[in-house]
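Just below is one structure, and these are the notes that go with it.
The values are calculated or read from the model by the stated rules, or taken from the named source; none is laboratory data. Quantities reported herein were computed from a predicted structural model and do not represent experimental measurements. Neighbour counts run over all protein chains shown; Cβ positions are idealised from the backbone, glycine included. Areas reflect the complete protein model, heavy atoms only, side chains present, ligands, DNA and RNA absent. Shrake-Rupley method; radii C 1.70, N 1.55, O 1.52, S 1.80 Å.
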Amino acid sequence: MRGGREETLTQGRSFDVKWLFIIGIVVFLVLFEVFPMVYMFIKSFFPAKGFSLASYRKTYGYELNQISLRNTLVSAFGTMVLGTLIAFPLAWLVGRTNLYYRKFFRGLCVMTYMVPPYVGAMAWSRLLNPNVGIINVFLRNVFHLSSKTGPFDIYTIGGMIWVLTSFYYPYAFITISRAMEKMDPSLEEASRISGASPWKTLWTITLPMMTPSIIAGALLVFVSAASAYGIPSIIGANAKVKIPTVTTRIIDYVGLGVDGLSDAMSLAVFLMLLANFVLYISTFVVGKRKYITVSGKSTRPNTVDLGRWRVFFTVLMFLFAFIMIVLPFVTVGLTSITKNLGKSVWEKGNFTTMHWSRIFSRKDVFLSVKNSLLYAVITATFGIIVSVVMANLLERTTIKGRRIPDFLITVGSGTPSVVIALGLIMTMRGQFGINLYNTMWIMIIAYLVKYLMMGMRTVVSAMSQIHVSLEECSRISGAGWLKTTWRITIPLIAPSIAAGWFLIFIPTFYELSMSTLLYSKDTQVIGYKLHYYWTYTSQQQASAIAFGILVFIVILNSVLNKLTKGEFSI
């Protein structure tokens, strides 16, 4: 009896090694995520020695900043509405109907999810430039229009919404389609048995049941569009009347040096509060709303027969894929081999490969590619290690405190990129004992804070589907938590670990917003370099770099698909 009590006391005093991982991850996130944001928020109210709203009055009283706030809200709201209107029918067609080539279309629908958004802005600038845009010139010739401009103009707030939608609707599509594939079909079956048509069932049953997921997806699109920098910087900067947004204004202010930091912080606080408010609504309000149907068995959603509409919707999907995906990407490729942008590439003497030759001969491009690869590999490797540990803690343990790093990772993912970068600039310059300014580590840390959740959610999802029996056998045989994770868990979820690694690697490789604020002379990356070439050097050379990135991503997608045996792809 006494011996048993002593054993219990010894166990009670023993330190659980899992706490080391939880404390380590929490310390990292508090230091590089929470502290910069809190400091920036407080500093915006205490710019000098005491409390003052002077910087807010100055920043928000300036007309250009008021316009940027209005443009940000209008473009984000327009993108949210248009993106959701596109995403829901797409998710229903590829997820619940007998549409032809559903798997193929599903892959195409999320293709733009992994492509740099600013590449899309470049493509649509070539297609819908009011003067020499390929589509505008084509329409003027076909319909014999006398006007020398239009009929479309991409350099407007409407054009910006269109390009933002083409790259952010996948956020809503993925959210809605995942929920649609897991929904209980009992009410839909009851509706059909009662004589309702598929369309009436969709309108009266499916749509109301999907409402929480639709709202969550829409909010995700809203905050992503409001936080975007690449698309507004390309579309808005080339408009006759500039279209500033909050992100472009923040980067303009940071470019002014120390004098602009106070104004940049005031605008960043607005973006930070907006993003966190949307994250709160999405996670704690909408996320808790579920429609639960009572049934006695587990069933899978039935496939809806489109009947005579099957061919029509298949053709419609091909047309959508051509406009949204094929046309912009082909345009980028053709621009890279065009000598004179005012003429067709097929005109005699207008085909050239000199832009590719120049790109491959420039040391600055090679250095930026090398930096991007190195930073992306380090970020993805460290990120996936943290993801595996977090997935194990969340799915295999009941240890207290495991939800804290999960919550911090979620907040970091929802925080706008420019806010993360600005917070690190304000706090990691040595005044608090850590000086990472102008180093590669400040960029890697920023990438980790932003993209860690992409790997973690993938691994958590995979681990939740693996039964614990093998791991229990391992522990019964005497193996500890770490050994069981290494010898049993990791081999079982290896494909998901590979997928999670790529999901962190790819956006890190071509990242622009944070890189623009954090780069130094020796740490320039390909995202910044591509934006620089498009803005200041040559659109054809920028297109050559962009098309190279697209090819690289397609190759990565093939590798990912092969490694995971078709289970995961972009």
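Listed here are the helices (runs of 4 or more DSSP H) enclosed by the range 239-322 that have at least 3 residues being touching a strand residue (DSSP E or B) at 6+ places or on another chain (Cβ under 9 Å), at pLDDT below 85 and more than 30 Å from Leu128 (Cβ to Cβ), and there are none. The residue of the range 422-431 that is surrounded by the fewest Cβ atoms within 10 Å (Cβ to Cβ), among those that are touching a Phe, Trp or Tyr at 6+ places or on another chain (Cβ under 8 Å) and in a helix (DSSP H, G or I), is Met426. Checked against the criterion of being out of contact with any Lys or Arg (no Cβ under 6 Å at 6 or more places or on another chain), open to solvent by less than 60 Å² (accessible area, probe 1.4 Å) and modelled with pLDDT under 80, the range 149-168 has at least one qualifying residue. Can you spot a residue in the range 557-567 that is of a type in the set (D, E, K, R), closer than 22 Å to Ala391 by Cβ, open to solvent by 40 Å² or more (accessible area, probe 1.4 Å) and in contact (Cβ under 8 Å) with a residue 60 or more places away in the chain? Yes. Reported count of residues in the range 192-201, each being more than 17 Å from Gly307 (Cβ to Cβ) and touching a helix residue (DSSP H, G or I) at 6+ places or on another chain (Cβ under 6 Å), is 0.
One residue stands out among those in the range 51-67 that are within 20 Å of Pro416 (Cα to Cα) and out of contact with any helix residue (DSSP H, G or I) (no Cβ under 6 Å at 6 or more places or on another chain): the one that is most open to solvent (accessible area, probe 1.4 Å), which is Gln66. Picking from residues in the range 86-130 that are among the hydroxyl-bearing types (Ser, Thr, Tyr) and open to solvent by less than 20 Å² (accessible area, probe 1.4 Å), the one that is nearest to Pro232 (Cα to Cα) is Tyr118.
Contact annotation: residue pairs with Cβ atoms under 8 Å, 6 or more positions apart or on different chains, pairing a residue in the range 185-211 that is closer than 15 Å to Thr97 by Cα with a partner that is among the basic types (Lys, Arg) and not in a loop (DSSP other than H, G, I, E, B), are Pro198/Arg192; Thr201/Arg192; Thr206/Arg96. Quick one: in the range 131-143, which of the residues that are in contact with a Lys or Arg (Cβ under 9 Å, 6 or more places away or on another chain) and of a type outside the set (A, V, I, L, M) is most open to solvent (accessible area, probe 1.4 Å)? Per the stated criteria, the residue is Asn131.
Residues are listed down the side, and each one gets a yes or a no for (1) on the phi > 0 side of the Ramachandran plot; (2) touching a residue at least 60 places away in the same chain (Cβ under 8 Å); (3) crowded, with 17+ Cβ neighbours inside 10 Å:
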| site | (1), (2), (3) |
| --- | --- |
| Val304 | no, yes, yes |
| Trp309 | no, no, no |
| Gly349 | yes, no, no |
| Arg362 | no, no, no |
| Lys370 | no, no, no |
| Leu373 | no, yes, no |
| Phe382 | no, yes, yes |
| Val386 | no, yes, yes |
| Glu395 | no, yes, yes |
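Of all residues in the range 32-87, those satisfying the criterion of being of a type in the set (Gly, Ala, Ser) and touching a Phe, Trp or Tyr at 6+ places or on another chain (Cβ under 6 Å) are Ala76, Gly83, Ala87.
Could you look through the range 7-50, keep only residues that are part of a helix (DSSP H, G or I) and at pLDDT below 75, and pick out the one that is most open to solvent (accessible area, probe 1.4 Å)? Among those that are part of a helix (DSSP H, G or I) and at pLDDT below 75, it is Arg13.
Look at (1) assigned to a helix (DSSP H, G or I); (2) open to solvent by 40 Å² or more (accessible area, probe 1.4 Å) and you find that Ser191 fails only one, number (2).
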